[in-house]
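Below is one structure; the comments refer to it alone.
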């Protein structure tokens, strides 16, 4: 489990094809590696991946063909948001996330949040129709592994406000219209939908 509070921005420095997927090497940036071990889970731009090799400052991960097909952003030289798995003693600063990407969204707008001198930015994202029903105003959503609160929802489009701190410590500040992002909807919304269907 993860919280969507990004610990560091890393970079994919190699990407090699395998029999079923790819192996990537991530330069871990400022991520603390003293307690990271082979077999640990780390969210890489929202994707829960298993560490298969450690050679500081590099972490290597095997990414299955299924994950490659259902996510975006795991390309060579891409900057990626990194978060170690949640410990029971950690503060829950964002919201509970599984690191299982539900789908890919597309940025439709990224601009100043208001006409003043504020450094806040407004981000609009379109998601597949199958995911839109899980997104609610003032609900939680993860974009590239970052826990965010939605400010508005209209059809398949939702809006979030990004504060300067989030822009500075994640990859979201580099987004622009047309870019694709990994989306994980709120766990509670998914389970409520399943319970409703069962009735």
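Within segment 128-136, is there a residue that is part of a strand (DSSP E or B) and over 18 Å from residue 5 (Cα atoms)?
no
Go through (1) touching a helix residue (DSSP H, G or I) at 6+ places or on another chain (Cβ under 7 Å); (2) assigned to a helix (DSSP H, G or I); (3) loosely packed, with under 15 Cβ neighbours inside 10 Å one by one and return the number of the condition residue 194 breaks.
For residue 194, the failing item is (1).
Residue-by-condition table, conditions (1) surrounded by 13 or more Cβ atoms within 10 Å (Cβ to Cβ); (2) in the same structural domain as residue 171 (by TED's automatic domain parsing); (3) under 16 Å from residue 171 (Cα atoms):
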residue	(1), (2), (3)
125	yes, yes, yes
131	yes, yes, no
137	no, yes, no
146	yes, yes, yes
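Among the residues of segment 115-145, which ones are within 23 Å of residue 71 (Cβ to Cβ) and in contact with a helix residue (DSSP H, G or I) (Cβ under 6 Å, 6 or more places away or on another chain)?
Passing the criteria: only 134.
Could you grab me the full set of residues in segment 155-177 that are in contact (Cβ under 8 Å) with a residue 60 or more places away in the chain and farther than 19 Å from residue 131 by Cβ?
Result: 169, 170, 171, 174, 176, 177.
Which ones in segment 132-154 are closer than 24 Å to residue 93 by Cβ and either free of Cβ contacts under 8 Å to residues at least 24 places away in the same chain or more than 14 Å from the chain's Cα centre (by Cα) (or both)?
The answer is 134, 135, 136, 137, 138, 139, 149, 150, 151, 152, 153.
For the structure I just gave you, tell me whether residue 62 is over 13 Å from the mean Cα position of the chain (by Cα), surrounded by fewer than 19 Cβ atoms within 10 Å (Cβ to Cβ) and within 21 Å of residue 21 (Cα to Cα).
For residue 62, the condition - over 13 Å from the mean Cα position of the chain (by Cα), surrounded by fewer than 19 Cβ atoms within 10 Å (Cβ to Cβ) and within 21 Å of residue 21 (Cα to Cα) - is met.
Mind counting the residues in segment 178-199 that are in contact (Cβ under 8 Å) with a residue 24 or more places away in the chain and touching a strand residue (DSSP E or B) at 6+ places or on another chain (Cβ under 9 Å)?
Residues in segment 178-199 being in contact (Cβ under 8 Å) with a residue 24 or more places away in the chain and touching a strand residue (DSSP E or B) at 6+ places or on another chain (Cβ under 9 Å): 11 in total.
Go through 152, 173 for me and flag whichever is in contact with a helix residue (DSSP H, G or I) (Cβ under 9 Å, 6 or more places away or on another chain) and not assigned by TED's automatic domain parsing to the domain that holds residue 58.
Just a single option satisfies the conditions, and that option is 173.
Where residues in segment 105-117 are touching a strand residue (DSSP E or B) at 6+ places or on another chain (Cβ under 7 Å) and either in a loop (DSSP other than H, G, I, E, B) or under 15 Å from residue 146 (Cβ atoms) (or both), which of them is modelled with the lowest pLDDT?
113
Within segment 149-186, which residues are under 16 Å from residue 106 (Cα atoms) and outside any strand (DSSP E or B)?
155, 156, 171, 172, 173, 174, 175, 176, 177, 178, 179
The values are calculated or read from the model by the stated rules, or taken from the named source; none is laboratory data. Here the structure is a predicted model, which means the values were calculated and not measured. Note: ideal-geometry Cβ built from the backbone for every residue, glycine included; neighbour counts use all protein chains shown.
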